[in-house]
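Shown next, in structure tokens, is the structure this report addresses.
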Amino acid sequence: MTPVDLLFVLLKILVVLLLIPVVVGFCTLAERKILGRIQIRYGPNRAGPFGLLQWMADAVKLITKEYLVPGEADKFLFVIAPILTLAPALAVFALIPFGKGMHITDVNVGVLMLVAVSSLGIYGVIFGGWASNSKYSLLGALRSAAQMISYELAMGLSLVAVVMMAGTMSLVGIVEAQKGLWFLVLQPVGFLVFCIAGIAETNRLPFDMPEAEGDLGAGYHTEYSAMGFGLFQLAEYASIITICALITTFFLGGWSGPWAGALMGLPSLGYFILKTAFFVFVFIWIRGTLPRVRYDQLMAFGWKVLLPLALLNILLVAGVVAMGWAQ
Amino acid sequence: MIDAIRELVRGFSLTLRQMFTKPITIQYPEERREPSERYRGLHALRNDPETGRERCISCCLCARICPSQCIRLVTSDQGGRKVIDVYDVDLGHCLFCGLCEEVCPVEAVVLTGRYEAAYYRRPETILHKQDLLRHGEGI
């Protein structure tokens, strides 16, 4: 790798890293706005035109607040936990192809790396809950650990089917493989399993047991204030965007669409953003509609419904691929 | 299973429809809620519209009937006429029952539609005679 190549890669990383907080900011605003409209209110509309600067005000507030560390807390773990949550959430963006030829790296075991890296995020949650030395935080962390491990299985298994059909583990390759027909059409069951597991993985309603403000008082980040809380929040929304981007990549043909390659691939970026934004909207819509499930329901659903469905999906897709119908 | 899916569809379509209805929020400083005709808000002392003089005849019935005793009236005799020197309403005690309004024989003290009763200092929560007269302008 020449120095110029290295510089180019660093530049790409910088652009993505700088853009993510902004996108996350607008994502929180969109969430509050859409939830507001669902509940027949306006949502934030005071800061800037239509409240468009609300996320900036929130960020400034979080940065300028005092960073409190509880006296009984494990100081070291308490401080690094938010960072541990955020880093994997951001690292996943290195693998996602945003447009035709627009990706930071194209790893040939992309799917594997993705599953591995995104699983690391849970350490931050567990450390954060444990280091806080608070009952609620610990309970939230425990629930989070159980939930993420249960749903990671279903998620990984639904990806197995995608990999089988695409014949490659590279995310760029998977997008290329969907040029003809989206995997959404070819394996709707896998799509459903991945979506539901994705919602559980990001701790969103109706699977937000780790936070459950009603019974746990915000769960693992109860004791966090200022930017520690801000980082957890940033990580949560970053992982929502990640999951939506992954749904797009794995099941909706990523950046592909008519004339995707024209104008230096700009339309392809547009398709990708459009598809991802649609799923972010669906996630918010789900949050505004469904009530939180009970903990035993959550576990039962994960192990008794989602996991068998994912296995069935693998079986079906394996059959289809073996018969050569996928082409 | 089928029922569950039907319920899900119903729920999601409901929230989707809600998204396109007009919010019921009143944008407070710009828009205001119109209180109803019989709203019992802040007190006011009315003047006689013809003569412009105070209606109150200092009978002190309002101060006597007030269940929370929040009205303080001090009168003095000036050339055979009773004059009100002090008419204080302690909003911190008032429960806005409207008995003062009901008992007033000359309809001098009334409860208006004013509902903005937030103050920075405690002394401000006591309305004095001039405040009450200002509230009563035009009623």
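The values are calculated or read from the model by the stated rules, or taken from the named source; none is laboratory data. This structure is a prediction, so every number in the text was calculated from the model and none was measured. Methodologically, a virtual Cβ is constructed for each residue, glycine included, from the backbone with ideal geometry; neighbour enumeration extends over all protein chains shown.
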### Task
Could you please find all residues in the stretch A:248-285 being within 14 Å of chain B (Cβ to nearest Cβ) and under 15 Å from the mean Cα position of the chain (by Cα)?
A:PHE278, A:PHE281, A:VAL282, A:PHE283, A:ILE284
### Summary
Checked the stretch A:28-72 for anything part of a loop (DSSP other than H, G, I, E, B) and either hydroxyl-bearing (Ser, Thr, Tyr) or crowded, with 19+ Cβ neighbours inside 10 Å (or both); matches are A:TYR42, A:GLY43, A:PRO44, A:TYR67
### Task
List every residue pair whose Cβ atoms lie under 9 Å apart, where the two residues are 6 or more positions apart in sequence or sit on different chains, the first residue falls within the stretch B:20-38 and is more than 22 Å from A:ARG37 (Cβ to Cβ), and the second residue, located anywhere, is among the basic types (Lys, Arg).
B:PRO35/B:ARG114
### Query
Out of the stretch A:288-308, which residues are among the hydrophobic types (A, V, I, L, M, F, W, C), surrounded by fewer than 18 Cβ atoms within 10 Å (Cβ to Cβ) and within 14 Å of chain B (Cβ to nearest Cβ)?
A:LEU290, A:VAL293, A:VAL305
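For every residue, the table says whether it meets (1) farther than 30 Å from A:LEU35 by Cβ; (2) touching a Gly at 6+ places or on another chain (Cβ under 7 Å); (3) free of Cβ contacts under 8 Å to residues at least 60 places away in the same chain; (4) away from every other protein chain (no Cβ under 14 Å).
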| residue | (1), (2), (3), (4) |
| --- | --- |
| B:THR15 | no, yes, yes, no |
| B:SER76 | yes, no, yes, yes |
| B:VAL86 | yes, no, yes, yes |
| B:VAL89 | yes, no, yes, yes |
| B:PHE96 | yes, no, yes, yes |
| B:THR112 | yes, yes, no, yes |
### Summary
A:LEU266 meets each of (1) touching a strand residue (DSSP E or B) at 6+ places or on another chain (Cβ under 9 Å); (2) buried (at least 17 other Cβ atoms within 10 Å of the Cβ); (3) part of a helix (DSSP H, G or I) with one exception, condition (2)
### Message
Please go through the stretch B:29-44 and give me each residue that is under 25 Å from B:VAL110 (Cβ atoms) and either within 12 Å of another protein chain (Cβ to nearest Cβ) or surrounded by 10 or more Cβ atoms within 10 Å (Cβ to Cβ) (or both), ordered by number.
### Response
B:ARG32, B:ARG33, B:PRO35, B:TYR39, B:ARG40, B:GLY41, B:LEU42, B:HIS43, B:ALA44
### Query
Of the conditions (1) free of Cβ contacts under 8 Å to residues at least 24 places away in the same chain; (2) away from every other protein chain (no Cβ under 14 Å); (3) assigned to a loop (DSSP other than H, G, I, E, B); (4) over 24 Å from B:GLY113 (Cα atoms), B:CYS59 fails just one. Which one is it?
(1)
### Query
If a residue has to be part of a helix (DSSP H, G or I), free of Cβ contacts under 8 Å to residues at least 40 places away in the same chain and farther than 22 Å from A:PRO258 by Cβ to count, how many in the stretch A:163-214 make the cut?
2
### Query
Can you tell me which residue in the stretch B:64-84 is nearest to B:ALA108 (Cα to Cα), limited to those that are at pLDDT below 90 and part of a loop (DSSP other than H, G, I, E, B)?
B:GLY80
